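The structure appears right after this line, and notes come after that.
Read the figures in this text as sums done on the coordinates, not as results from a lab. Only a predicted model underlies this, so the values are computations on that prediction, with no experimental measurement involved. Here the Cβ positions follow ideal geometry from the backbone for every residue, glycine too, while neighbour counts run over all protein chains shown.
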Amino acid sequence: MKNVCDEKLDVKLVVQERSMRWKTFNQNNMMPGDSLSGYACEGTGKYVFWTRKAGDNTVVFPTDEEVAKEFAPKN
């Protein structure tokens, strides 16, 4: 993920592993033009990300537990 904005961002990125678990990557104060990479050794190709203006704690990122519940595989 690349910050193409003109201001710093906080970012949460999750990628899904083949086991269906989500692996989390966080970057605070990501400068314009900076990138964040997320990986899974054996991934499904699915990913989700959230952004907010750096330091804006009025925007709350989901916890890892909330991500797992929200994006759990449907049977």
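Work out how much length Glu66 to Glu42 would gain on full extension: take 0.36 nm times their residue separation and subtract the Cα-Cα distance, in nm to one decimal.
Values: separation 24, 0.36 × 24 = 8.64 nm, distance 2.22 nm.
Full extension of this stretch gives 6.4 nm more.
Which longest uninterrupted range of the chain lacks any GluC sites (Glu not before Pro) assigned by DSSP to a loop state (not H, G, I, E or B) and surrounded by at most 10 other Cβ atoms within 10 Å? It works out to 8-41.
If you add up the charges near Asn3, with Lys and Arg at +1 and Asp and Glu at -1, over every other residue whose beta carbon is less than 15 angstrom from its beta carbon, what do you get? Let's see the in-between values first.
Numbers: positive: Lys2, Lys8, Lys12, Arg52, Lys53; negative: Asp6, Glu7, Asp10, Asp34, Asp56.
Net of charged neighbours comes to 0.
Listed values [x] 1.16; [y] 1.10; [z] 1.55 include one computed from this model; for Cα Rg over 2.2 N^0.38 Å that value carries the label [x]. Here Lys2 is the anchor, and the lysines within straight C-alpha reach of less than 19 Å, apart from those fewer than 8 places off in the same chain, are Lys12, Lys23, Lys46, Lys53.
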